[in-house]
Amino acid sequence: MAANKNKNQGKSNDGGNLANDILKGIKKDEILSRAQQVINSAVNVLEEEIAAGILAAKKIEKKVIDVDEIRSDPDDLMNRIRRDTHEAVDLFLDALTAITKQVNKLADSKPEEKTTNKETKNNPTLTLLETEQPLRPGETDTFKFSLLEDTEKTAKIKFQKTSLFGPNGNTINSTALKISPSSLTLKSKEEKEVTVHLTLPKNAKPGIYNGLITDADNSLVKVVLNVEVIP
Amino acid sequence: MDTALMKSMLADYGAHTLNGIQRYIPDKEPKTYLYNLISEYPNRGGKGFRPGLCIAACKAFGGKEEEASHSAVCLELLHNAFLIHDDVEDESFFRRNKPTLHESTNAAIAINVGDAMQVLGLYPLFKNREVLGDKVAMQIFLEVQHMVTESVEGQAMELGWRKDNTSTLTEADYLRMILKKTCWYTCIHPLRIGAIIGTKGKINPEKFDRLGYFMGTSFQIQDDVLNLVADGEKYGKEIGGDILEGKRTLMLIHLMEHCSPNELAGILQFLSIPIKQRQQAKAHEILEMMHAYGSIEHAANTARYLAGAALKEFYTIFSRLPDSEDKSLIETIIIYMINREY
């Protein structure tokens, strides 16, 4: 190895000769040990940095994908699945809210349906009831909507209600909703107003909640209640 | 090879790379404050070491110039993006004998141009796939990723020292900072990338680490020395500007290690005030102290030792390769680093 190197240096051009002179100059000098010290110190820094770089790169690899670790910890895997499922449910509920808002806007935009919150019983329309501003736990709010019987028949309506579903699987029990009247009879062409009174429980968690009010015997009546709870 | 031929070859490779850069600049608005400014720094005619080392290493290992051209374009774009941002961060006034970009426009525009150049540097790496195949192209992508990471880490080290007005730095701290900030992207990775291309991915690139490191540190220390003693017209930056900027050079570290406590307090006081309020007279005083304490001589010697070590590494790696102009070019660059006056 050393012989090869000398041979190459020997046959090198002007630059090589100059390099030899420089190297010889350094060797002849008393400062050889100083030069060696500088280079050794420099090499140590390089070796440390390369080692640190390799270590950091390996840590990143582990953080980005660690299939073995995920497989070896079933609890962690289950927690991930649960978290993902909750997120999927949240996404679904957000999508539902967005859709109901869109449907309501469409309904609002049609001239014949300008009477917001008026339900005609023979057409399956969706009414969205929203709080004007977000509510805090323990606060109350009242919503009103009206129903119109546009057929020649008399209809009996008995309301049923769901719980309010919020983010991360949080719910507000249906007892928070009081519908007045809880049932009613509509004669032909008759219109009646319905009041929904909401009392948020004091332990309600923040988030956007959705609930559904329907007629127990008639799927044409659908009222979606949309409530935002803030801390 | 003499220095004139070295410069001529570097100029050729540089011009080739500059043409390549032009092809990647979108021909659309906004031009005045973005695309027209992209080639502002590359056109100022730097030494062209990065594309030169990359293309020369590629050819020395049996590759063709055009195979390295996309990578050379990427290196040059990223290098100039760093220079623009570096000038803003250092509040420098001149770059290659002209006002820095943020001085001729403003800091916001200069930063945005630098950002654009970094983004433009990505596409040549993508284009590498067509010339080099997926495997080698991805290897080069990771080389560049490492190069940029090390550079910003090194820059952060230096900026942190200035912000905290650090006074307890050692030579090893300085070498570490230069390795990270300068060596990886000026020498180590251009050589590694060139050799990877030339050998079609068959070489272990780590064998160039020491060579590039010794070259880079030697070059940077020499550059810092020349900032204090060179002919300003040839050098292209304001002489002594590094002292005004508070740059932690090997000379400053040496001086702070060897001067009296009173002198150290004076230096720290000077470094603690904002750059624009620093007095030229005090900077000159520090320069005189650097001469008096042998700090400049110490740094110049260190640069020479490291250049000698770089030559030794060069012969270890390249001696088995057939002689070629490109092999000689790399050797001559190292020798030039030892002897250059600007």
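FYI, it's all coordinate maths here, none of it is from the lab. As the structure is a computational prediction, the values presented were derived from the model and not from experiment. Here Cβ is always computed from backbone atoms with ideal geometry, including for glycine, and neighbour counts include all displayed protein chains.
Just subtract the alpha-carbon distance of B:Glu206 and B:Glu66 from 0.36 nm times their residue separation and send over the number in nm, one decimal.
Going from the current span to full extension adds 48.0 nm.
Expressed as a fraction of 2.2 N^0.38 Å, the rule-of-thumb size for a compact globular protein of N residues, what is the C-alpha radius of gyration of segment B:93-222?
Cα-based Rg divided by the globular estimate yields 1.22.
Per-residue counts of other Cβ atoms within 10 Å, averaged by peptide: what ranking do you get for A:56-63, B:109-116, B:211-218, B:172-179, highest first? Working shown, then result.
Numbers: A:56-63: 10.5, B:109-116: 19.1, B:211-218: 27.2, B:172-179: 22.1.
Taking the mean over residues of other Cβ atoms within 10 Å, the ranking is B:211-218, B:172-179, B:109-116, A:56-63.
Once you keep just the Cα pairs under 8 angstrom separated by 6 or more residues, what percentage relative contact order results for chain B?
That works out to 21 percent.
Please identify, among B:Gly14, B:Gly240, B:Gly45, the residue showing maximal mean-square fluctuation in a Gaussian network model of chain B using a 10 angstrom Cα cutoff.
B:Gly45
Given a Förster distance of 35 Å, report the FRET efficiency between B:Ser104 and B:Thr170 from their Cβ-Cβ distance, rounded to the nearest 0.05.
Efficiency, from the Cβ-Cβ distance: 0.40.
Within 10 Å of each Cβ in peptide A:35-44, how many partner chain Cβ atoms are there on average? Round it to a whole number, please.
Average neighbour count from other chains, rounded to a whole number: 6.
Taking R0 as 25 Å, what's the FRET efficiency between A:Thr171 and A:Glu228 from their Cβ-Cβ distance, rounded to 0.05? Write out the running numbers ahead of the final one.
On the way: r = 15 Å, r/R0 = 0.61.
So the FRET efficiency works out to roughly 0.95.
Can you give me the angle between helix B:325-339 and the longest principal axis of chain B, using Cα atoms only, in degrees from 0 to 90, rounded to the nearest 10?
Between helix and principal axis, roughly 0 degrees.
Quick one: 3J(HN,Hα) in Hz for segment B:66-82, Karplus 6.51/-1.76/1.60 with θ = phi - 60°, rounded, Gly and Pro as x.
Values, residue by residue: 5, 5, 9, 5, 4, 5, 5, 4, 4, 4, 5, 5, 5, 4, 5, 4, 4 Hz.
Treat each spin label as a single point 7 Å out from the Cα along the C-beta direction, and report the A:Lys178 to A:Lys202 distance in nm.
1.8 nm
Kindly put B:Ser295, B:Ser151, B:Ser324, B:Ser8 in sequence by how many other C-beta atoms sit within 10 Å of each C-beta, fewest to most. Please report the intermediate quantities before stating the final value.
Values: B:Ser295 26, B:Ser151 22, B:Ser324 15, B:Ser8 12.
Ascending number of Cβ neighbours within 10 Å: B:Ser8, B:Ser324, B:Ser151, B:Ser295.
What nm distance separates the two modelled labels at A:Thr140 and B:Gln280, each placed 7 Å from Cα along Cα→Cβ?
8.1 nm
Choose one answer from B:Glu153, B:Glu76, B:Glu130: the residue with the largest mean-square fluctuation in a GNM of chain B with alpha-carbon springs under 10 Å.
Largest GNM mean-square fluctuation: B:Glu130.
Measure nothing fancy, just the Cα-based angle from helix B:189-198's long axis to the longest principal axis of chain B, in degrees from 0 to 90, nearest 10.
10 degrees
Could you work out how far apart the two model spin labels at B:Val229 and A:Lys189 are, taking each label as a point 7 Å from the Cα in the direction of the beta carbon, and quote it in nm?
Those two pseudo-labels are separated by 10.9 nm.
How do A:Ile39, A:Ile157, B:Ile273 rank when sorted from fewest to most other Cβ atoms within 10 Å of their own Cβ?
Working: A:Ile39 19, A:Ile157 23, B:Ile273 13.
The fewest-first ordering by Cβ neighbours comes to B:Ile273, A:Ile39, A:Ile157.
Is the shape of segment B:290-342 best called rounded, prolate or oblate, per the rule: a/c under 1.5 gives rounded, else a/b larger than b/c gives prolate, else oblate, with a ≥ b ≥ c the square roots of the Cα gyration tensor eigenvalues?
Numbers: a/c = 7.52, a/b = 2.49, b/c = 3.02.
Verdict is oblate for segment B:290-342.
Using C-alpha positions alone, give me the convex hull volume of chain B per residue in cubic angstrom. Could you put the intermediate results ahead of the total?
Numbers: hull volume 40.8 nm³, N = 342.
Dividing the Cα hull volume of chain B by its residue count gives 119 Å³.
Quick one: angle between helix B:122-163 and the longest Cα principal axis of chain B, in degrees between 0 and 90, rounded to 10, please.
Around 0 degrees separate the two axes.
Fewest Cβ neighbours within 10 Å first, please rank A:Glu152, B:Glu103 accordingly. Working shown, then result.
Details: A:Glu152 8, B:Glu103 17.
Result, fewest neighbours first: A:Glu152, B:Glu103.
Determine, at each q value in 0.13, 0.23, 0.25 (inverse angstroms), the log₁₀ of I(q)/I(0) that the Debye formula gives when each Cα of segment A:140-219 is one equal point scatterer.
-0.47, -1.06, -1.18
From the phi angles alone, apply the Karplus equation (6.51, -1.76, 1.60; θ = phi - 60°) to segment B:252-269 and give each ³J(HN,Hα) in whole Hz, x where the residue is Gly or Pro.
Using θ = phi - 60°, the values come out as 5, 5, 4, 4, 5, 6, 10, 7, 6, x, 5, 5, 4, 4, x, 5, 5, 5 Hz.
Tell me what chain B gives for mean residue ellipticity at 222 nm when only DSSP H runs of n ≥ 4 count, each as -39,500 (n - 2.57), the sum divided by the residue total, rounded to 500 deg cm²/dmol.
Value at 222 nm, helices only: -23000 deg cm²/dmol.
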